[in-house]
1. Roughly how many Å² of T230 are accessible to a 1.4 Å probe, to the nearest 10?
2. If you consider only alpha-carbon coordinates, what radius of gyration and Dmax does the chain have, in Å?
3. Straight-line reach from K237: which lysines fall under 20 Å, measuring Cα to Cα and dropping same-chain residues less than 8 apart?
4. May I ask you to give the percent of accessible area on the stretch 153-242 that is carbon plus sulfur, with a probe radius of 1.4 Å?
5. Roughly speaking, what is the stretch gain from V146 to M66, that is 0.36 nm per residue apart minus the C-alpha to C-alpha distance, in nm to one decimal?
6. Arrange the peptides 189-196, 233-240 so that the one whose residues have, on average, the most other Cβ atoms within 10 Å appears first.
7. Counting helices only, and only those DSSP H runs with n ≥ 4, report the 222 nm mean residue ellipticity of the chain as the sum of -39,500 (n - 2.57) divided by its residues, in deg cm²/dmol to the nearest 500.
8. Springs between alpha-carbon pairs under 10 angstrom, Gaussian network model over the chain: which of F35, F178, F103 fluctuates most?
Amino acid sequence: MPSVLVVEDDPSIRQSLIEVLAEHGYAVRSAADGFSALREVTQAPVDAVVLDLGLPDLDGGDALRMIRGISSVPVLVATARDDESEIINILNAGADDYLVKPFSGGQLLARLSAVLRRTGGAPPASAGGTGGAAPAQTGEPLRPTVVGELAVDPGARTVHLAGQELRLTRREFDLLAFLAHHAGQVVSKRRLLTEVWREPYVDDQTVDVHLSSLRRKLGERASAPRYLLTVRGVGIKLVAPR
C-alpha cells in the first residue's frame, strides 16, 4: 500500500483529500503546515507528497525546496495559483507535477498514479494503477541522441548543451528525451500527453508550461526558437539550429 503525505492547512480540504486517497488504497498521513510536513518526511519516508502552496508558516515553494533538500520523494503540488511563471518556478524547484485548484478527486488520483509510475512506484489498483512501474517513454533507446550542440543521454538521464550539463526536472528530461528520440518529427501535444505523461485527457497547458521552462533552459524563447519549433496547430519538433 503506497503512502502519501497530504500537506494542506484548510481542515475541510485536507479531510476530503484524505478520504479520497484512503478510499482508493493509499495509506495517508497529513500535515497542516510546512514545518510539520518537513518533520513527517524526515521521520517516516512516504511514497509521495501532495503539497498545498498556501501554507500558514512557509510559502509552499519554500517548503518544496526544503523537502528537496532532504528527500527525492515525488511531490505533487496543489495550488490555486495559475500564473504560468509561478508554475514554472514550482516545477524548477523540484515539483513532479501540479494541480490547479479546484480539482476533482479523479484528477488527483490520475496525477498521483502517473507520478508514482514515472518515479518507479506502484499506485494501488483501485487508483487506476497497473500494479507496477511504467517507463516514461515507450521504446526509448538507452543511447545518446545528438541534435546540434544538444546531447541527450536517456541511459544516464543527462542533457548537455555545448558541453555544459543542464539541470532539468524529471518531467522536463522525459519530455526532451522523447522529442530527441523523434528529432525532426512534429509531435502533437496530445501524443506527448499520452506517451510522456501517460495522461491523454489532461489539458494541453501542462505541455505548454514544461516547454516554456525547457526553452528557457535551452536559452531560447517561443518567439525566437532554436531547438524547439512550434508548428502551429500541429505540434512541436526538436531540430538542430541553422
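The values are calculated or read from the model by the stated rules, or taken from the named source; none is laboratory data. Just so we're clear, the structure is a prediction, and the values are computed from it rather than from any experiment. Please note: Cβ atoms are built from the backbone with ideal geometry, for glycine as well, and neighbour counts cover all protein chains shown. These accessible areas exclude ligands, DNA and RNA; they are computed on the full protein's heavy atoms, side chains included. Shrake-Rupley method; radii C 1.70, N 1.55, O 1.52, S 1.80 Å.
1. 90 Å²
2. For the chain, the Cα-based Rg and Dmax read 18.0, 55 Å.
3. Answer for K237, where 20 Å is the Cα cut-off: K189, K217, listed by chain and number.
4. On the way: 2060 of 4450 Å².
Carbon plus sulfur share of accessible area: 46 percent.
5. On the way: separation 80, 0.36 × 80 = 28.80 nm, distance 3.46 nm.
Working it through step by step, the gained length comes to 25.3 nm.
6. Details: 189-196: 18.4, 233-240: 16.1.
Descending mean neighbour count gives 189-196, 233-240.
7. Details: 8 runs with 86 residues, N = 242.
After summing the helix terms and dividing by the residues of the chain, the value is -10500 deg cm²/dmol.
8. In this elastic network of the chain, the residue with the biggest mean-square fluctuation among F35, F178, F103 is F103.
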